[in-house]
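**Student:** This structure is in structure tokens; I'll ask about it shortly.
The values are calculated or read from the model by the stated rules, or taken from the named source; none is laboratory data. Small disclaimer: the values here were computed from a predicted structure and weren't measured. Heads up, the Cβs are rebuilt from the backbone with ideal geometry, glycines too, and the neighbour counts pull from every protein chain shown. Remember, those area values only see protein heavy atoms, side chains included, never the ligands or the DNA or RNA. Shrake-Rupley method; radii C 1.70, N 1.55, O 1.52, S 1.80 Å.
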Amino acid sequence: MTASTQSDEGVSTPPPAWTRRPANLAAAVTAELVERIVRGVHPSGSPLPPEPVLCETFSVSRTVVREAVKILQEKGLVQVRQGAGTMVTPPAMWNMLDELILGATIAGDESLAVLDDLVVTRRLLESDMANVAARLADDAVIDQLRILVDQMDELVDDQAAYHQHDRAFHDTVMQASGNRISRAVVRALESQVVNTARYMGRTERALCVASNAGHRRVYERIAAHDPDGAAEAMFTHITEAWVVRRSGPGDPTRLRR
């Protein structure tokens, strides 16, 4: 939204609802309201503006507003209460796996606490999947992990290609575990942050070299069919990689245990 403008007569006029009117109005209104709720423009426990105000704000019909509010309910962001209107719910009720909510939360999180929580969740799930993969992996999986690790050794100067292979390595381990739910959660979380500078952090050559040493330890433990060793290697790899990525020079911040 842009600031209000003045007409030739000096009368202030409201800004247009959209710079370019979106094709899917309900989705656009939903996305804007999600961002406003997460940023605290509409705080938890407060009512959303009534329908007529939202219609005027976004220059849309009541049907569009009602559809947007229904979507917000499905995401856990609001509750419609008889006689009280549409109330914003506490963050504990929000669906943090929802891409709009997670994206808006990460964007507004200066402390990186949300990314810390994301990494802790990923670390727990991937460590367990590495444990299972070490018990179930066949020769084809082990060969694929070895090939990826060897290729990453050659790609430490090509960050884009390195990170593509990095993701393939982790996905191979997850698929080998057979745990489709945990894999889906990790992939959903990472899809929101994998291309953001705040998550990728520092990515220079030396860090790629150190990161791939962690991959190789995971591969070796899976190849040895050592479940506990594979889980520990994955836990350590994810922890150390994130601590380095999130910390600038002289920054003592460390990932919570």
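**Student:** Could you list all residues from the stretch 105-136 that are over 19 Å from Ile238 (Cβ atoms) and either at pLDDT below 95 or in a loop (DSSP other than H, G, I, E, B) (or both)? First the steps, then the outcome.
**Tutor:** Step one: filter the stretch 105-136 for residues over 19 Å from Ile238 (Cβ atoms), giving 105, 107-111, 135-136.
The answer is Thr105, Ala107, Gly108, Asp109, Glu110, Ser111.
**Student:** I'd like to know if the stretch 113-120 contains one or more residues that are in contact with a helix residue (DSSP H, G or I) (Cβ under 8 Å, 6 or more places away or on another chain), under 28 Å from Val186 (Cα atoms) and free of Cβ contacts under 8 Å to residues at least 40 places away in the same chain.
**Tutor:** Yes - at least one qualifying residue is present in the stretch 113-120.
**Student:** Follow-up question, since we're still on this one. Tell me the residue from Leu97, Leu102, Leu77 that is touching a helix residue (DSSP H, G or I) at 6+ places or on another chain (Cβ under 6 Å), within 30 Å of Asn195 (Cα to Cα), modelled with pLDDT under 95 and hydrophobic (A, V, I, L, M, F, W, C), please.
**Tutor:** Details: Leu102 fails: touching a helix residue (DSSP H, G or I) at 6+ places or on another chain (Cβ under 6 Å); Leu77 fails: modelled with pLDDT under 95.
The unique qualifying residue is Leu97.
**Student:** Filter the stretch 171-189 down to the residues that are under 22 Å from Gln144 (Cα atoms) and in contact with a Lys or Arg (Cβ under 9 Å, 6 or more places away or on another chain) and list them by number. Steps first, answer last, please.
**Tutor:** Restricting attention to the stretch 171-189, the residues satisfying the condition of being under 22 Å from Gln144 (Cα atoms) are 171-180, 182-184, 186-187.
Selection gives Asp171, Met174, Gln175, Ser177, Val186.
**Student:** May I pose another question? Could you give every pair whose Cβ atoms fall below 9 Å, whose first residue belongs to the stretch 203-225 and is in contact (Cβ under 8 Å) with a residue 60 or more places away in the chain and within 16 Å of Ser127 (Cβ to Cβ), and whose second residue is surrounded by 14 or more Cβ atoms within 10 Å (Cβ to Cβ) and of a type in the set (D, E, K, R), counting only separations of at least 6 or pairs across chains?
**Tutor:** Filtered contacts from the stretch 203-225: His215/Asp166; Tyr219/Arg146; Arg221/Glu232.
**Student:** Does His165 qualify as being touching a residue at least 40 places away in the same chain (Cβ under 8 Å) and surrounded by 15 or more Cβ atoms within 10 Å (Cβ to Cβ)?
**Tutor:** Values: touching a residue at least 40 places away in the same chain (Cβ under 8 Å): no; surrounded by 15 or more Cβ atoms within 10 Å (Cβ to Cβ): yes.
For His165, the condition - touching a residue at least 40 places away in the same chain (Cβ under 8 Å) and surrounded by 15 or more Cβ atoms within 10 Å (Cβ to Cβ) - is not met.
**Student:** Next up: Anything in the stretch 211-241 that is within 15 Å of His165 (Cα to Cα) and of a type in the set (A, V, I, L, M)? List them, or say none. Walk me through it before giving the result.
**Tutor:** In the first step, residues of the stretch 211-241 are kept if they are within 15 Å of His165 (Cα to Cα); the result is 211-216, 218-219.
Across the stretch 211-241, the qualifying residues are Ala213, Val218.
**Student:** Which one of the conditions (1) within 21 Å of Ala107 (Cβ to Cβ); (2) in contact (Cβ under 8 Å) with a residue 12 or more places away in the chain; (3) out of contact with any Ser or Thr (no Cβ under 9 Å at 6 or more places or on another chain) does Thr86 fail to meet, given that it meets all the rest?
**Tutor:** Failing condition for Thr86: (1).
**Student:** Kindly indicate whether Ser191 is open to solvent by less than 60 Å² (accessible area, probe 1.4 Å) and either under 30 Å from Met96 (Cα atoms) or β-branched (Val, Ile, Thr) (or both).
**Tutor:** Numbers: open to solvent by less than 60 Å² (accessible area, probe 1.4 Å): no; either under 30 Å from Met96 (Cα atoms) or β-branched (Val, Ile, Thr) (or both): yes.
The answer is no for Ser191.
**Student:** Return a yes/no flag: does the stretch 142-156 have any residue that is open to solvent by 30 Å² or more (accessible area, probe 1.4 Å), in contact (Cβ under 8 Å) with a residue 40 or more places away in the chain and over 19 Å from Gly229 (Cα atoms). Steps first, please.
**Tutor:** At the first step, the residues of the stretch 142-156 found to be open to solvent by 30 Å² or more (accessible area, probe 1.4 Å) are 143-144, 146-147, 150-151, 153-155.
Now drop any that are not in contact (Cβ under 8 Å) with a residue 40 or more places away in the chain, which leaves 146, 153, 155.
Filter again for over 19 Å from Gly229 (Cα atoms), leaving 153, 155.
Yes, the conditions are met somewhere in the stretch 142-156.
**Student:** Tally up the residues in the stretch 110-131 that are open to solvent by 30 Å² or more (accessible area, probe 1.4 Å), under 26 Å from Gly178 (Cα atoms) and not polar (S, T, N, Q), please.
**Tutor:** 5
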